[in-house]
Amino acid sequence: MTGNEIKDFFTRVAQLKALVVGDLMLDEYLWGKAERISPEAPVAVVDVARQDMRLGGAGNVINNLLSLGCQVRVASVIGADEDGRTILERLELRGVSADGVVLSAARKTSRKTRVLASNQQMLRIDRESRDEIDSAAALELMAYVREQLPQVQVVLLSDYLKGVLTDSLTRELITLCRAAKVPVLVDPKGKDYSKYRGATLLTPNRKEAAEASGVTIRTGEDVSRAGWRLLQDLNLDALVLTRSEEGMSLFMAGRDEIQLPTLAREVFDVSGAGDTVLASIGLGLAGGLELPDAARLSNLAAGVVVGKVGTSTVTPEEILRSISVDVDRSDAKIRTCRELQHLLLEEKSRGRSIVFTNGCFDLLHVGHVKYLQKARALGDLLVLGLNSDASIRRLKGEKRPLIGEEERAHILAALDCIDYLVIFDEDTPYELITQLRPDILVKGGDYLAEEVVGKEIVEGYGGRVELIRFVDGKSTTNIIEKILSQYREE
């Protein structure tokens, strides 16, 4: 996705409604300094300077959705205790209705207390109940879900194995959502994923996927085996397997696996990152994004949130700022032929037309820019095949190019009219055209149609060739001659 596409998406999210079902809890943070060792035992003494109480578990999914700008409904069961009342207060402060939150005297509200010194987590204390909710609470929760389902665009199941998402309740929720044609996404837990069968999408991390699939994950091939096994065994539409510093892998029924490299610059804390992934990919689907684009959006969001300390959220502004460095930078457009094959197949499946042109583009000038802008206007995406230094030397002599291939590639990729760029080493782009199969093949008006390399390939599968006239008097050769003429005596 481009920056403009993501910006356009975020203009629509305020109208979207998401329903979060799962384990609400409190995340307590005690912040301080550790500058001495206890005389009572060989442990650090933390002088607490600040305390922070946040919604945790499914509450962190809620916080992420709110931070991204959408409307949220919540269904859960918590204890009728002081921590439970704190959760209700936090929901009210965030403007989220607690109508779907069931209070149970038989439960203890979960609270996780983290002690941090100099941004380093020293200790975590858990106070919670893991018993399954009773049938009366489950019936009350389901009644609320049925009432809200016609009004929401996505349902997110946030399972922390604290007893809310029982096996029977989870199966009933998934069946209900599928019948209503509402996407149901799950952040899963445990080793037995059978209760998630039939969900739209699961978002396990590497450790969780290994446990659930029975595949020991050490290599990229192991990741693929685990991902495909879970997708097929559980009859899912898709699965996003998060791999920490290695990014994400997206598996979709009937589609090729997609690798999304990590976009995080520094990783301070991964706690809550799974909640961010679930919230952002769910919001993407609710807003009509295709699965690959929704996954890319969640990858961007996760890249921002792991750079923060504690279970955190991300805003559209933070995502857009990260795009200016990570997504729209020129080297993100520069791809190998193999990468482009997969990317263009995705784009074509979404009905987009691919324009291809090629050239040396040594000493970029206005003639080049006008030509590329006109080529881009012929379709939805423009792919530029750029001659390598070696191929230019064979075509134009040992004194060319004046600008090296890497520098030329980055200069060209900075142009908005170019969507992707690939460097090729052959004398002609024939093999590249064969592999990429563009819909429209473009060359300069100084060519005759029958002279265009790849014409018969493109026209053979129903594509077409377009000739664009160059701006008169603008060429790299003319620039070189002008420089030599004006500076020869100096």
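Derivation of every value follows stated rules applied to the coordinates shown; laboratory data play no part. Keep in mind that this is a model prediction, so the values were computed, not measured. Neighbour counts run over all protein chains shown; Cβ positions are idealised from the backbone, glycine included.
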Checklist line | Extended-chain gain in nm, criterion 0.36 nm per residue less alpha-carbon gap, T434 and E82 | finding: 120.0 nm
Next item on the list: Please work out the ratio of the alpha-carbon Rg of the chain to 2.2 N^0.38 Å and round it to two decimals.
Entry: 1.19
Check: Out of the stretch 387-456, which GluC sites (Glu not before Pro) are coil in DSSP terms and have no more than 10 other C-beta atoms within 10 Å?
Finding: E398
Notebook entry, point to check: Measuring from centroid to centroid over Cα atoms, what is the spacing of the stretch 123-153 and the stretch 338-370 in Å?
Noted result: 49 Å
Notebook entry, point to check: Which trypsin sites (Lys or Arg not before Pro) from the stretch 208-265 combine a DSSP loop assignment with at most 12 other Cβ atoms within 10 Å?
Noted result: R218, R265
Check: Could you name the lysines in cross-link range of K162, using Cα to Cα under 28 Å and dropping any fewer than eight places away on the same chain?
Finding: K17, K108, K112, K181, K189, K191, K195, K207, K308
Check: How would you rank H410, H368, going from fewest to most other Cβ atoms within 10 Å of each one's own Cβ?
Finding: H410, H368
Notebook entry, point to check: So which DSSP H runs in the chain come out at 30 Å plus along the axis (Cα) with average Kyte-Doolittle of at least 1.0?
Noted result: none
Check: Between S168 and L320, what is the label-to-label distance in nm when each label sits 7 Å out along the Cα-to-Cβ direction?
Finding: 4.9 nm
Check: Can you give the Rg and Dmax of the stretch 337-487 based on its C-alpha atoms, in angstrom?
Finding: 15.3, 53
Check: Which of the lysines could a cross-linker span from K374 if the Cα-Cα distance has to be under 23 Å and same-chain partners fewer than 8 positions apart are dropped?
Finding: K333, K348, K443, K455, K474
Checklist line | Size of charge dipole - the stretch 337-487 - debye, nearest 20, with Cβ of Lys, Arg +1 and Asp, Glu -1, no other charges | finding: 360 debye
Notebook entry, point to check: What do you get when you divide the Cα radius of gyration of the stretch 207-262 by 2.2 N^0.38 Å, with N the number of residues?
Noted result: 1.01
Check: Which residues make up the longest stretch of the chain clear of chymotrypsin sites (Phe, Trp or Tyr not before Pro) that lie in a DSSP loop with no more than 16 other Cβ atoms within 10 Å, not counting the sites?
Finding: 1-267
